[in-house]
1. Please go through segment 135-149 and pick out each residue that is exposed (fewer than 14 other Cβ atoms within 10 Å of the Cβ) and part of a helix (DSSP H, G or I).
2. How many residues does segment 143-156 hold that are farther than 12 Å from V118 by Cα and free of Cβ contacts under 8 Å to residues at least 40 places away in the same chain?
3. Output the residues belonging to segment 217-244 that are hydrophobic (A, V, I, L, M, F, W, C), part of a strand (DSSP E or B) and either surrounded by 18 or more Cβ atoms within 10 Å (Cβ to Cβ) or without any contact (Cβ under 8 Å) to a residue 40 or more places away in the chain (or both).
4. Which of the residues belonging to segment 170-214 are over 28 Å from V153 (Cα atoms) and small (G, A, S)?
5. If you go through segment 174-191 one residue at a time, do you hit one that is part of a loop (DSSP other than H, G, I, E, B), touching a residue at least 40 places away in the same chain (Cβ under 8 Å) and of a type in the set (D, E, K, R)?
6. Scan segment 111-134 and tell me whether some residue there is surrounded by fewer than 16 Cβ atoms within 10 Å (Cβ to Cβ), more than 29 Å from A30 (Cβ to Cβ) and outside the structural domain of D65 (by TED's automatic domain parsing).
7. Out of segment 199-216, which residues are in a strand (DSSP E or B) and out of contact with any Ser or Thr (no Cβ under 9 Å at 6 or more places or on another chain)?
8. Within segment 201-223, which residues are more than 30 Å from V108 (Cβ to Cβ) and among the hydrophobic types (A, V, I, L, M, F, W, C)?
Amino acid sequence: MKARTITLRLALLALGLAALASCATPTNVAYFQDAVNDTTLTPAKAQPIRLKPMDQISVIVNSRDPQVTAMFNLPYYTSRIGETQTLTSTAGTGSSLTTSNAISGYTVDANGYIDFPVIGPVRVADRTREQAAEHIKELLIESRQIKDPVVTVEFMNLGFSVLGEVNRPGRFKIDRDRFTILDAIGLAGDLTINGQREDVTLIRHDGKKDHVYKLNLLNTKQLYASPAFYIQQGDVIYVTPNEKRRRESTINGNNVRSSSFWISVGSLATSVALLIFRLK
């Protein structure tokens, strides 16, 4: 009788372990776990995106005189299959193009300059979009060829990369000045269930050296206070895979941790216990 009791207890223990393994609830999936209702968050001071060598920008000049304005605007290009068309600049006429892909832009050279029509070399490196636009506007007024210019500078090739455990890894475009890590993750389709929310790495090159930042998406205050909360051009974001994903790189690496494995163990233990019980 004592042997039967021990056997039944072992079987029940195996089934209990299997149930616990299959019902375990992860605690590191939900973002912002420390956030409470009506919390006021203060992000780190936004570092405006400043132009660097090899960045591409579009510069559009508008004024009351479209003929004078046309001297300062590069032609627009539109591509079709087997055909390339050149369109006349429409600045100052009330019409515009809605896609930046059709605008011929400027590439900032190694010394930080662009070669602007009529004016010549203009230094734009280390300037924000607004500062570059204001600088070009001042130079246009100084040239006395245009009195009332309106200058617009837009980013063209500025982007960042997202790698690791996200649904859509790749390179994405920065389309505005204040672009956050949350915007970046959203463009990448969010983290997969196997991405470690508390271990996101951002690598940033400042022109001289690389800086590495560790981000924890579960900790709201730490995330918002990080210098990496706002994305800069050229940033690389890497989402670390969790232990389950790492084990998948080995043969049968997850079998011993899976709920189905423990259910099978429990079922086998129960069968063995019943067999022993009958033999007794």
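1. Listed by number, the residues that qualify are E138, I141, E142, S143.
2. Let us first name the residues in segment 143-156 that are farther than 12 Å from V118 by Cα, namely 147-156.
Of the ones still in play, those that are also free of Cβ contacts under 8 Å to residues at least 40 places away in the same chain are none.
Qualifying residue count, segment 143-156: 0.
3. Applying the first criterion (hydrophobic (A, V, I, L, M, F, W, C)) to segment 217-244 yields 217-218, 223, 225, 228-229, 231, 236-237, 239.
Right, trim to part of a strand (DSSP E or B) and you get 236-237, 239.
Hits for segment 217-244 are I237, V239.
4. If the condition is that a residue be over 28 Å from V153 (Cα atoms) and small (G, A, S), then G189, G195 are the ones that fit.
5. Yes, because at least one residue in segment 174-191 is part of a loop (DSSP other than H, G, I, E, B), touching a residue at least 40 places away in the same chain (Cβ under 8 Å) and of a type in the set (D, E, K, R).
6. The answer is no; no qualifying residue exists.
7. Residues of segment 199-216 in a strand (DSSP E or B): 199-205, 210-215.
Listed by number, the residues that qualify are I203, R204, H205, D210, H211.
8. The initial filter retains those residues of segment 201-223 that are more than 30 Å from V108 (Cβ to Cβ), namely 214, 216-223.
Hits for segment 201-223 are L217, L218, L223.
The values are calculated or read from the model by the stated rules, or taken from the named source; none is laboratory data. In this text, all values refer to a predicted model and were calculated from it rather than measured experimentally. Using ideal geometry, Cβ is built from the backbone for each residue, glycine included, and neighbour counts are taken over all protein chains shown.
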